[in-house]
Amino acid sequence: MAPRNNQARFLALGAALLLAGCVELTPAEKAALNLPPELLQPPRVQIGDPAPGGPAPKTDPLIVNSLFDLLEKSDDMRPNIANLAGTPFEELLSVGSPAAFQLRNRYLHPGVPLAEALALDPDPAFRERLETLARWERSDEVRGTALVALARLKDSKDERILHEAMAHRKPAVRFGAMEAMLAWGRPEKAAPLLKLAAENDPQPLLRVYAAGGMARLGSPDGLAKLRAFLNSPDWATRAMAARYLGDYGEAPDYDLLLDRLGAEGTNDFVAAEYAIAALKLFGKKP
């Protein structure tokens, strides 16, 4: 098939995924596409978004203590996939919509919603327990989500905890620390640490995520690193880099991604990310 036909095919795929709710455009980009309002999905939370604003309500200590107890044993709460045959949850595993994906993640990884809920309570005693989980919890998943929850409280004294976690030997903890940096609300402190991670983290995908975080915070270096990651021999690295370029890229990145789309070859996963990213950048063209 000719390259231009490939471009048209994957741009159509990108449009379909956009309308299915898998990606999000700015109001200006939506207007440039001239799509009917009823086809456009409402905005959703992006990576690193803070918790909703406003004062947190006073919470019954019994509820919060129960949440902490559940969080600490959340690894044991995770369902065994082999035991789900014939249950309603088995059907949920086969559904590919964005809402179904969120539900699967919620029930397969219960520590995530539990830690997020705990970030809504400002009581110092509860905050101290959350800090303990973020520093010493044995479960990488719980520790990572506790880091994000702690960062959403936006306290400057958590810098040391986040800095320690960025250098942790476990990738899951480092990933949680990077996400926490984006939720912390202190870009002047987060950007240098994310740059170090984008250049030095042992895991390629974490380097891409860190570069995406830099770009989210407005760093031109982050965009440059994402463009460089498009040359990676690893398909997942290229796909992630394209995804974040679509979110935070500039007008010239549209042509870059379109050229990559025609040259990608047989990897439809990467081509789909190129198409989605190009579609999101279309409105930035002069």
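Key figures
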item: Cα lying deepest toward the dipole's positive end in region 57-185, options A149, P110, H168, charges on Cβ; result: H168
item: Simple spin-label estimate for N231 and Y107 in nanometres, 7 Å along Cα-Cβ; result: 4.6 nm
item: Spatially proximal aspartates and glutamates relative to K157 (Cα-Cα < 13 Å; intrachain offsets below 8 disregarded); result: E128, E131
item: Separation of the F269 and K73 label points, Cα + 7 Å toward Cβ, nm; result: 3.6 nm
item: Förster-model FRET efficiency, 22 Å R0, E116 and D255, C-beta, rounded to 0.05; result: 0.05
item: Residue exposure sequence - W184, W235, W136 - by fewest surrounding Cβ within 10 Å; result: W136, W235, W184
item: Net length gained if the chain between A99 and L62 were fully extended (0.36 nm per residue, minus Cα distance); result: 10.3 nm
item: Only Lys, Arg (+1) and Asp, Glu (-1) charged, at Cβ; region 205-253 dipole about Cα centre in debye; result: 120 debye
item: Whole-number percent relative contact order across region 57-185, with pairs defined as alpha carbons under 8 Å at least 6 apart; result: 21 percent
item: Net lengthening on full extension, A224/H163 (0.36 nm per residue, minus Cα-Cα); result: 19.6 nm
item: Residues T132, T266, T237, T145 arranged by fewest to most Cβ contacts within 10 Å; result: T266, T132, T237, T145
item: Likely footprinting exposure, Y107, Y254, Y209, Y274, fewest C-beta neighbours within 10 Å first; result: Y107, Y254, Y209, Y274
item: Calculated on alpha-carbon atoms, Rg and Dmax of region 159-263 in Å; result: 13.6, 46
item: Exceeding the 22 Å Cα-Cα cut-off - candidates K225/K284; K73/K189; K195/K284; K195/K285; K154/K280; K189/K225; result: K73/K189; K195/K284; K195/K285; K154/K280
item: Spin-label model distance (nm) - K189 vs K170, 7 Å beyond Cα toward Cβ; result: 2.4 nm
item: Reference-scaled alpha-carbon Rg (2.2 N^0.38 Å with N residues) for region 57-185; result: 1.12
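Values in this text are rule-based calculations from the coordinates and carry no lab data. As the structure is a prediction and not an experimental result, all values here were calculated from the model. Virtual Cβ from ideal backbone geometry, glycine too; neighbours counted across all protein chains shown.
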